[in-house]
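The values are calculated or read from the model by the stated rules, or taken from the named source; none is laboratory data. Fair warning: this is a prediction, and the values are worked out from it, not measured in the lab. In this analysis, Cβ positions are derived from the backbone assuming ideal geometry, glycine residues included, and neighbour counts consider all displayed protein chains. The accessibility values were calculated without ligands, DNA or RNA, using every heavy atom of the protein model including side chains. Shrake-Rupley method; radii C 1.70, N 1.55, O 1.52, S 1.80 Å.
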Amino acid sequence: MTAPYYEDFAPGAGALTPRAAFGSDADRLSLNGDWQFRLSPSVAAADAAEAAPNPSWDVLPVPAHWALHGHGSPQYTNIRYPFPVDAPRVPTDNPTGDYRLTFDLPVSWPEDGASLLRFEGVESCYRVRLNGHELGTAKGSRLPHEFDTGPHLLRHGNVLSVRVHQWSSGSYVEDQDMWWLAGIFRDVELVHRPMGAVRDFFVHAGFDHVTGEGTLRVDATPGGRITVPELGIDLATGQSATLPVEPWSAEVPRLYDAVLATDAERVPFRVGFRTVAVEDGVIKVNGNPILLRGVNRHEFHPDHGRALPYSTMREDVLLMKQHNINAVRASHYPPHPDFLDLCDEFGLWVIDEADLETHGFGGDDWRGNPADDPRWEEALVDRAARMVERDKNHPSVIMWSLGNESGTGRNLAAMSEWIRARDPRRLIHYEGDWSCAYVDVYSRMYASHEEVELIGRREEKPLDDPELDARRRAMPFIQCEYAHAMGNGPGGLTEYQRLFETYERLQGGFVWEWIDHGLRTQDAEGREFFAYGGDFGETLHDGNFCADGLLFPDRSPSPGLLEYKKVIEPVGIEVDTAAVTVRIANKYDVADLSQLAFTWSYAVEGRPVAEGALPVPPLRPGESAEIPLPAAPEASAEAWWTVRAVLAADTPWASAGHEVAWGQALAAVPARPQARASVSPVPGRSQITLGPATFDPVRGTLRTLHGFEVTAPRLDLWRATTDNDRGPDEAQSVATQWRRHALDRVQHRHDSLTVDETSVLVRTRVAPPAGFFGLYADYRWTSDGTRLTLTVDITPDGEWPCPLPRLGVRMGLPARLATVEWFGTGPGESYADTRRAARVGRYVATVDQLQTPYVFPQENGSRGDVRWADFRDAEGAGLRVEGDPVFALTARRWTTEQLESARHPTDLTPSDVLHVNLDLAQHGIGTASCGPGVLAPYQLRATPASFTVTFAGLSPAAGQH
Ligand code: IPT
């Protein structure tokens, strides 16, 4: 018995050989729109429904995924297959969608030539019938397939029937970490091919950086003429022209409009001249080594899944450019072809990746891996070929990637061989085979800083085979995935970037990943939230591991993106306060600084008092210069220089004034205020009074402050664990250590209360149940009559077995003090190892605005280095907290425990207490959800510490700053 087409090894049958994606003046008819649709639970049920006397149909838009339109539901798994592994067989319960469209040809549709049906992407396997005649079948969800309509196309009343299977043999090689979403999710078109039309063409446009000349040759079948009016080029296909041109790069994406003309057709296209090569062990484009400041991009939209509107693709490109990103890995399949046009136009280096991942086989030590089984060779090479043929004319594509996480195997080598024969002018990438036998670049994912540094020195651990080792050691290195942007984080970006900028072999990397895959959903009360694995009742799923992007699902930037933008900024700005100069360094690969304008400003306690333009010469890449700043104005308080580099003029991706890079430095520190006279505590039977405060007479806990009822500050060691705290490996994670040692349940033992001439002193010991270790914490309260000062002295006791989540105090304020103004870093959150984007200034936010809406609730929103923070009610009355010198601040309308137990932001309901944490420090963030944990300097260890804050009252009049 022969296997049905959805369960065989073949890539499909009946599709035309692949070719480049291009537009022309030939007729085209979009078949996007409302189709008739019927979902059946199995192939047999689909057959039965079809045979029914009056088949029933729903309406479904094309392109779309049926599960996002009320038919079935989405399911998310990372590595595991959602069905029993028995390749190439699939479950009998195989959701099968029958699509039907009735259409007429436009009256102008030519009689002669051929007409092709073109499908840009259908997941995962489909059969096409036109007017009852089968045209073919196809697999390769994110790849185009074309079918010749032959004699079956009618002028009127065509019935196009497409049967789509959710599961197929193709699913085994499409095990990417994402939602399983079937359907016709990219465009469908009818394309006319006149007699003598262009079948395919291949643009070769190299650039010789020594002569400054480009060489253009276009191979086409059939042949025709190539014109590039701007360059005066008019030549036959197959012939070449060499002449001075401006090269294409991600930084200066110079494109020339060109036309390929045959007797039958005019095909407009764009030429970008560039040459990619590995020379002296580094990747060079046009003779320049490049540094990839990249992201991994899945196609994702919170409402449409992988059926992206064009505006969303454009938004992605603009957001990348605006955040200093210069490279994108199409993880893990070729993107919609329009996306690559946008990359050519706006300038992004692209790794285009074949639609291949067999990760789930790793669960059985790669036994039966399709990547190494000859029966799958044709299908895998077809995936490579369809990608290369479709995308070969994009200057932005500099590397072909064979796929992702598919182990090792002969079919990968076969794909590489096919690609090299077809397109020797691009580099070949694949991460999964560390021997690098058939690739051009050594690529890894999530390698630690230490290992990356060894690789940078070309001193990595050798491969067993000396020949392969020598070959690999001579290769350039990239991290195709690093810095897992799941939840709060990633930490450690700065340290990676420093390595990339130090060692020429290290040519940067791609943060995992661009956007959270959260699907917009509503709870029972109609409140919107972003769903992750398990939210649709799936029994097998990987939870929120799909919410690991630099963008939230609605494409608002997360703090991680702002941090990445700062870390990879292409201009170095270092202010030297003593010399009153600023060092400006051009870190672009290609562009000089003439496109940027520089400004300086001088701010006292966060208020700019002087600013101006800074003349900076148009430094070339690699150059730097020391530029004098004006004399610093007198400052009565803490003052900071800020130097900014902004776009001097509008660009296609941002307007003039858009900030590209910045630097800050402390210019003047205020004299420390004189110690004020102390007032004495007044003990009483029902309370102790000290200046503006009252205390419990037995325990010495603070009760009221300037008339506000408060929950007394007390030591707090816990935070709502982050995805990175929890890690992928529960057993190993720092959160598990914390819990094992009961740091979420510490007990506060009251040792003594002493009221003396100048202070109220409470001594305590804070320790976990069953623990042989703890912290002595002494709270000393003093007052000058109007202000109240708390000093907490901490002395560790015993051997601390693990880092602390946080060290500080937690207190409660009335919830109506809901507006916070602070002088510290901001505007966004920052942590010990994610604080590059935080700048010193004066900021205002409501408590709600202080929260970062991670898809999975966790610690968030800490503002660092806060000198003072004012909490005010609507009338302007409130409390000021001052650090000595600084503290980190979080404030929320729910407790840490509520935050920790929430599964979605909608689980968090405001209370009438404002929960405020004043931290001396928190443990860093790291990127252990996939990758290294918190680096040593950012780990919080129990050591003796002292921490002082002062509280003052704020009256409405003082509200008008
Ligand atoms: C790596 C995958 O390549 C990527 O698709 C994604 O799943 C990422 O992990 C984690 O979000 S593979 C992992 C085993 C390192």
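Observations
- Residue selected from the range 882-938 under the condition closer than 21 Å to Val792 by Cβ and of a type in the set (S, T, N, Q), by the criterion nearest to the ligand (Cβ to nearest atom): Gln922
- Counted residues, the range 453-464 - those being in contact (Cβ under 8 Å) with a residue 40 or more places away in the chain and either assigned to a loop (DSSP other than H, G, I, E, B) or open to solvent by 30 Å² or more (accessible area, probe 1.4 Å) (or both): 3
- Among the residues of the range 79-106, those identified as closer than 24 Å to Asn544 by Cα and either more than 16 Å from the ligand (Cβ to nearest atom) or buried (at least 19 other Cβ atoms within 10 Å of the Cβ) (or both) are Tyr81, Phe83, Pro84, Val85.
- Residue satisfying all of: in the range 612-625; under 13 Å from Val643 (Cα atoms) and of a type outside the set (A, V, I, L, M); surrounded by the most Cβ atoms within 10 Å (Cβ to Cβ) among these: Gly612
- Among the residues of the range 708-755, those that are without any contact (Cβ under 8 Å) to a residue 60 or more places away in the chain and in a loop (DSSP other than H, G, I, E, B) comprise Asp729, Ala742, Val746.
- Within the range 36-58, residues that are aromatic (Phe, Trp, Tyr) have Cβ atoms under 6 Å from residues that are at pLDDT 95 or above in these pairs: Phe37/Asp58; Phe37/Leu60; Phe37/Tyr99; Trp57/Gln36; Trp57/Arg38, counting only partners at least 6 apart in sequence or on another chain.
- Index of the failed condition, Asp25 passing every other in (1) away from the ligand (no atom under 16 Å from the Cβ); (2) open to solvent by less than 70 Å² (accessible area, probe 1.4 Å); (3) at pLDDT 95 or above: (2)
- Residue match in the range 406-418 (condition: modelled with pLDDT of 95 or more, within 17 Å of Phe510 (Cβ to Cβ) and not assigned by TED's automatic domain parsing to the domain that holds Thr927): no
- Total residues in the range 426-448, condition away from the ligand (no atom under 16 Å from the Cβ), in contact (Cβ under 8 Å) with a residue 40 or more places away in the chain and not in a loop (DSSP other than H, G, I, E, B): 1
- Verdict on Val844 being touching a Ser or Thr at 6+ places or on another chain (Cβ under 8 Å) and touching a residue at least 12 places away in the same chain (Cβ under 8 Å): yes
- Answer residue from the range 539-567, given it is farther than 21 Å from Pro905 by Cβ and surrounded by fewer than 24 Cβ atoms within 10 Å (Cβ to Cβ) and is nearest to the ligand (Cβ to nearest atom) among those: Leu540
- Residues being more than 21 Å from the chain's Cα centre (by Cα) and surrounded by fewer than 21 Cβ atoms within 10 Å (Cβ to Cβ) - total across the range 441-452: 2
- Restricting attention to the range 523-534, the residues that are away from the ligand (no atom under 16 Å from the Cβ), modelled with pLDDT of 95 or more and touching a strand residue (DSSP E or B) at 6+ places or on another chain (Cβ under 9 Å) add up to 5.
- Any chance Ala952 is under 21 Å from Thr819 (Cβ atoms), of a type in the set (Gly, Ala, Ser) and modelled with pLDDT under 95: no
- Within the set Asp177, Asp187, Asp219, the sole residue that is of a type in the set (D, E, K, R) and either without any contact (Cβ under 8 Å) to a residue 40 or more places away in the chain or in contact with a Ser or Thr (Cβ under 6 Å, 6 or more places away or on another chain) (or both) turns out to be Asp219.
- Subset tally (residues that are outside any strand (DSSP E or B) and touching a residue at least 60 places away in the same chain (Cβ under 8 Å)) for the range 776-815: 11
- When the range 221-267 is filtered for residues that are surrounded by 20 or more Cβ atoms within 10 Å (Cβ to Cβ), part of a strand (DSSP E or B) and of a type in the set (Gly, Ala, Ser), only Ala258 remains.
- Members of the range 939-961 found to be closer than 18 Å to Leu493 by Cα and either within 16 Å of the ligand (Cβ to nearest atom) or not in a loop (DSSP other than H, G, I, E, B) (or both), listed by number: none
- One residue from Ala936, Ala928 being out of contact with any Asp or Glu (no Cβ under 6 Å at 6 or more places or on another chain) and open to solvent by 30 Å² or more (accessible area, probe 1.4 Å): Ala936
- Test: Asp280 is over 30 Å from Trp180 (Cβ atoms), more than 21 Å from the chain's Cα centre (by Cα) and free of Cβ contacts under 8 Å to residues at least 24 places away in the same chain: yes
- Enumerated strands (runs of 3 or more DSSP E) restricted to the range 605-679, each holding at least 3 residues that are over 19 Å from Ala837 (Cα atoms) and modelled with pLDDT of 95 or more: 607-614, 624-628
- For the range 465-517, filtering for residues that are more than 18 Å from His449 (Cβ to Cβ) and more than 14 Å from the ligand (Cβ to nearest atom) leaves 13.
- The lone criterion from (1) open to solvent by 40 Å² or more (accessible area, probe 1.4 Å); (2) among the charged types (D, E, K, R); (3) over 20 Å from Ser759 (Cβ atoms) left unmet by Arg787 is number (3).
- Qualifying residue in the range 199-220 (condition: modelled with pLDDT of 95 or more, assigned to a loop (DSSP other than H, G, I, E, B) and buried (at least 21 other Cβ atoms within 10 Å of the Cβ)): no
- Condition met for Glu189 (part of a loop (DSSP other than H, G, I, E, B), charged (D, E, K, R) and at pLDDT 95 or above): no
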